[in-house]
């Protein structure tokens, strides 16, 4: 066995110090987020844009009282106030999905909203009508998971004194 030379010991110590400093400066969100490939980023943005367009379209239809929305919300027991509230939330959230700084938080806010829509549809109309909100829930859950860093950055910025 050979003894380490001064050059080897210095290099090893410098590398260990650098790795420790990097870990000490890392935040939990950066430690858990490996860099994404260009293809993965394009796929995520595509899903984000498609999901945003679906929610913006749904919000506009509800706010305009189009496509049978008043009757559907009456059947669900929410009436016109519920329709307008959901329409505003869908429109605002859909726009939020298109703003990088807001995308993670918008997706996260849609998760309980879609879970509630699934429960309501199952209770009132049965499993077939619960499929569209289930698809939307899957989309927003994926976006919330992969855009969580933007939500954490936004929350940290808001909490700063």
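For the residues 58, 65, 87, 82, the requirement of being at pLDDT below 90 and over 25 Å from residue 153 (Cα atoms) singles out 65.
Scanning segment 146-161 for residues that are part of a helix (DSSP H, G or I), surrounded by fewer than 19 Cβ atoms within 10 Å (Cβ to Cβ) and without any contact (Cβ under 8 Å) to a residue 60 or more places away in the chain returns 154, 155, 156, 157, 158, 159.
Scanning segment 124-145 for residues that are touching a residue at least 12 places away in the same chain (Cβ under 8 Å), within 23 Å of the chain's Cα centre (by Cα) and either closer than 22 Å to residue 102 by Cα or not in a helix (DSSP H, G or I) (or both) returns 133, 136, 137, 139, 140, 141, 142, 143, 144.
Which of the residues belonging to segment 82-123 are in contact (Cβ under 8 Å) with a residue 12 or more places away in the chain and not in a helix (DSSP H, G or I)? Passing the criteria: only 98.
Per the conditions (1) modelled with pLDDT under 50; (2) not in a helix (DSSP H, G or I), the sole criterion not satisfied by residue 17 is (2).
The values are calculated or read from the model by the stated rules, or taken from the named source; none is laboratory data. Predicted model only: the values in this text are computed from it and were never measured. Using ideal geometry, Cβ is built from the backbone for each residue, glycine included, and neighbour counts are taken over all protein chains shown.
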